[in-house]
Amino acid sequence: MDILETAKDKMGKTKGVLDRDLASLRAGRANAQVLDRIMVDYYGTPTPINQTGNISSPEPRMLVIAPYDPGMLGALEKAIQKSDLGINPSNDGRLIRLVFPELTEERRKELVKVVRKKGEEAKVAIRSIRRDAVESSKKAKKDGELTEDDQKQLEDKIQKQTDAAIKDVDAAIAAKEKEILAV
């Protein structure tokens, strides 16, 4: 049953990666998680923005970054401009403000396509995990560790786990699409 536990664990991690990716997509409201994957050069070391200062959201469509080191303002501003956020930061000498514009209908449709693509990538990864688990069960049978009945039962359990994981992915995609398309 070690094969099943390993597959279940890997599928859970795949779902976790998808959840983080979806959280980093902005849906009209300011969300500090959109900054998670942006790295800033902090004295020669690439560092996530959320480790270089306080991030707050004083308004629903605004984020404010207050760097711990005021000398970091320029580097933070450049990192945000280079990123794929599509937002121009404003710097007042102490803080960086990010104002999130309302999403256009066209941009919402683009984001839905990105969500679906990430969902499909997660499903492919889950199917790959299933394939590896089934191959492991066949190898265990061949090595005499499993009987034919045990191997069939294990494959059925692996398939049920895969179906459940794909259902979770579909639910996450549907929820994010609904969030993006809500005006």
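The values are calculated or read from the model by the stated rules, or taken from the named source; none is laboratory data. Owing to the predicted nature of the structure, the values given are computational and were not obtained by experimental measurement. Cβ coordinates were reconstructed from backbone atoms using ideal geometry, including for glycine residues, and neighbour counts include every protein chain displayed. Calculation scope for accessible area: heavy atoms of the full protein, side chains included, ligands and nucleic acids excluded. Shrake-Rupley method; radii C 1.70, N 1.55, O 1.52, S 1.80 Å.
Would you kindly derive the ³J(HN,Hα) couplings of the stretch 90-103 from the backbone phi angles with the Karplus curve 6.51 cos²θ - 1.76 cosθ + 1.60 (θ = phi - 60°), listing them in order in whole Hz, with x for Gly and Pro?
10, 10, 9, x, 10, 10, 10, 10, 10, 9, 8, x, 4, 6
Once a ≥ b ≥ c are taken as the square roots of the eigenvalues of the Cα gyration tensor of the stretch 1-61, is the result rounded (a/c under 1.5), prolate (a/b larger than b/c) or oblate (a/b not larger than b/c)?
oblate
Cα-based Rg (one decimal) and Dmax (whole number) for the stretch 1-151, in Å?
In Å, with Rg to one decimal and Dmax whole: 21.9, 70.
Between Gly53 and residues 5 or more places away or on another chain, which pairs have amide H atoms under 5 Å apart, with H built 1.01 Å from N, and which residues are they?
Result for Gly53 returns Tyr68.
Could you give me the ³J(HN,Hα) list for the stretch 36-46, computed from phi with Karplus coefficients 6.51, -1.76, 1.60 and θ = phi - 60°, whole Hz, x at Gly and Pro?
So the Karplus estimates, Gly and Pro as x, are 4, 8, 8, 9, 10, 7, 9, 6, x, 10, x Hz.
Please list the non-local residues whose amide H lies under 5 Å from the amide H of Ala30, H modeled 1.01 Å from N, same-chain partners needing a gap of 5 or more.
Excluding prolines and chain starts, which carry no amide H, the hits are Arg61, Met62.
Enumerate the calculated ³J(HN,Hα) couplings along the stretch 135-148 in order (Karplus 6.51 cos²θ - 1.76 cosθ + 1.60, θ = phi - 60°), each rounded to whole Hz, writing x wherever the residue is Gly or Pro.
These are the phi-based 3J(HN,Hα) values: 4, 5, 5, 5, 5, 4, 5, 4, 7, x, 7, 10, 7, 5 Hz.
Nothing charged except the Cβ atoms of Lys and Arg (+1) and of Asp and Glu (-1): what's the magnitude of the dipole of the stretch 1-86 about its Cα centre? Round to the nearest 20 debye. Let's see the in-between values first.
Working: 11 positive and 11 negative charges, 51 e Å.
Roughly 240 debye, rounded to the nearest 20.
Only Lys, Arg, Asp and Glu count, each charged at its Cβ (+1, +1, -1, -1), so figure out the dipole size of the chain about its Cα centre, rounded to 20 debye.
380 debye
Which percent of the accessible area of the chain is formed by carbon and sulfur heavy atoms (probe 1.4 angstrom)?
Details: 5450 of 10960 Å².
The nonpolar share, carbon plus sulfur, comes to 50 percent.
Once you've got the GNM for the chain with C-alpha springs shorter than 10 Å, pick whichever of Asp19, Asp143, Asp41 has the biggest mean-square fluctuation.
Among Asp19, Asp143, Asp41, the largest GNM mean-square fluctuation belongs to Asp143.
Would you calculate the separation in nanometres between label points at Gln159 and Asp36, each defined as 7 Å from the Cα along the Cα-to-beta-carbon direction?
So the two model labels end up 3.5 nm from each other.
List the aspartates and glutamates whose Cα lies under 18 Å from the Cα of Lys157, skipping any in the same chain that are fewer than 8 positions away.
Correct list for Lys157: Asp2, Glu5, Asp9, Asp132, Glu135, Glu145, Glu148, Asp149, Asp168.
Output the relative contact order of the chain, whole-number percent, from Cα pairs under 8 angstrom with separation of 6+ residues. Could the numbers behind the result be given before it?
Numbers: 215 pairs, mean separation 45.5, N = 183.
Taking the mean separation of contacting Cα pairs over the length of the chain, I get 25 percent.
Send over a whole-number figure in Å² for the accessible area per residue of the chain, probe 1.4 Å.
That works out to 60 Å² per residue.
Taking amide H positions as placed in the peptide plane 1.01 Å from N, state which residues far from Tyr42 in sequence (5 or more) or on other chains have amide H under 5 Å from it.
Thr47
With a/c under 1.5 counting as rounded, go ahead and sort the stretch 81-129 into rounded, prolate or oblate using the C-alpha gyration tensor (a ≥ b ≥ c being the square roots of the eigenvalues; past the cut-off, prolate if a/b is larger than b/c, else oblate). Mind showing how you got there, number by number?
Numbers: a/c = 4.80, a/b = 2.11, b/c = 2.28.
In terms of gyration-tensor shape, oblate.
Can you tell which of Leu95, Leu18, Leu146 shows the greatest fluctuation in a Gaussian network model of the chain with Cα springs below 10 Å?
Its mean-square fluctuation being the largest, the pick is Leu146.
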